[in-house]
């Protein structure tokens, strides 16, 4: 069930105007960082997240769930938030949803270790509930910095929380999945595509056919951009 709280104007007003959504790209150009610079910036970002104070998510979680995969990858996956298994091991998509994620991308000949993975929220919400507006607002600034550091060619937005954070709250994932969209983070335009989260597919396996179509779109775009793995 979609939280109606996310379908009103307050959500848009509550988020810092770090990102914009546009059908007209401003710029896709950015000076690339050296690997040691990327690693250093990621370490600093992780420290900054770990130093958040007065956060119920942090206080109730076991571990900070920051990232997984190759930070030099041109393909970045952004999920919603850690589940119980992620919280236990400290990595995103570590449980059953992660196993399905691996199979999904292996179906288009991409191994998990060649992708960069993170979430909108870095600490597990209690009982795996949907993050609140204030929680998304708090962690989204770290997500925007995360995207800017990795600087991917393609962002795969998985799940409604990730879609609402990066694209806007006035969209429905059932209508927007499979569509290419330009999102602007810190003045740079990133090509993104929305698709269902693997945890949703585990609950609704009949929807996998739509995710397969999305995966084929991703593969097609990677080929068009001459990106190989």
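Things worth noting here:
- Flag if residue 121 is within 13 Å of the chain's Cα centre (by Cα), modelled with pLDDT of 95 or more, closer than 23 Å to residue 46 by Cβ and outside any strand (DSSP E or B): yes
- Check on residue 69, at pLDDT 95 or above, touching a helix residue (DSSP H, G or I) at 6+ places or on another chain (Cβ under 8 Å), surrounded by 19 or more Cβ atoms within 10 Å (Cβ to Cβ) and at negative phi: no
- Hits in region 212-229 (condition: within 20 Å of residue 182 (Cα to Cα) and part of a helix (DSSP H, G or I)): 213, 214, 215, 216, 217, 218, 219, 220, 221, 222, 223, 224
- Tally, over region 138-176, of residues that are closer than 18 Å to residue 68 by Cβ and assigned to a helix (DSSP H, G or I): 9
- Tally, over region 60-84, of residues that are in a helix (DSSP H, G or I) and within 12 Å of residue 114 (Cβ to Cβ): 0
- Residue count for region 179-206 under the criterion of being at negative phi, exposed (fewer than 14 other Cβ atoms within 10 Å of the Cβ) and touching a helix residue (DSSP H, G or I) at 6+ places or on another chain (Cβ under 6 Å): the result is 0.
Yes/no matrix, rows are residues, columns are (1) in contact (Cβ under 8 Å) with a residue 12 or more places away in the chain; (2) surrounded by fewer than 22 Cβ atoms within 10 Å (Cβ to Cβ):
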residue	(1), (2)
137	yes, yes
145	yes, yes
148	yes, yes
153	yes, yes
157	yes, no
160	yes, no
164	yes, no
168	yes, yes
175	no, yes
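- Any hit, region 95-117, residues being closer than 24 Å to residue 221 by Cα and in a strand (DSSP E or B): yes
Yes/no per residue for (1) modelled with pLDDT under 65; (2) surrounded by 12 or more Cβ atoms within 10 Å (Cβ to Cβ); (3) in a loop (DSSP other than H, G, I, E, B); (4) at positive phi:
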| position | (1), (2), (3), (4) |
| --- | --- |
| 5 | yes, yes, no, no |
| 16 | yes, no, yes, no |
| 27 | yes, no, yes, no |
| 39 | no, yes, no, no |
| 49 | no, yes, no, no |
| 58 | no, yes, no, no |
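- Identity of the residue in region 180-206, part of a helix (DSSP H, G or I) and farther than 22 Å from residue 82 by Cβ, that ends up farthest from the chain's Cα centre (by Cα): 206
The values are calculated or read from the model by the stated rules, or taken from the named source; none is laboratory data. No experiment lies behind these values; they were computed from the predicted model shown. As a convention, Cβ positions derive from the backbone with ideal geometry for all residues, glycine included, and neighbour counts pool all protein chains shown.
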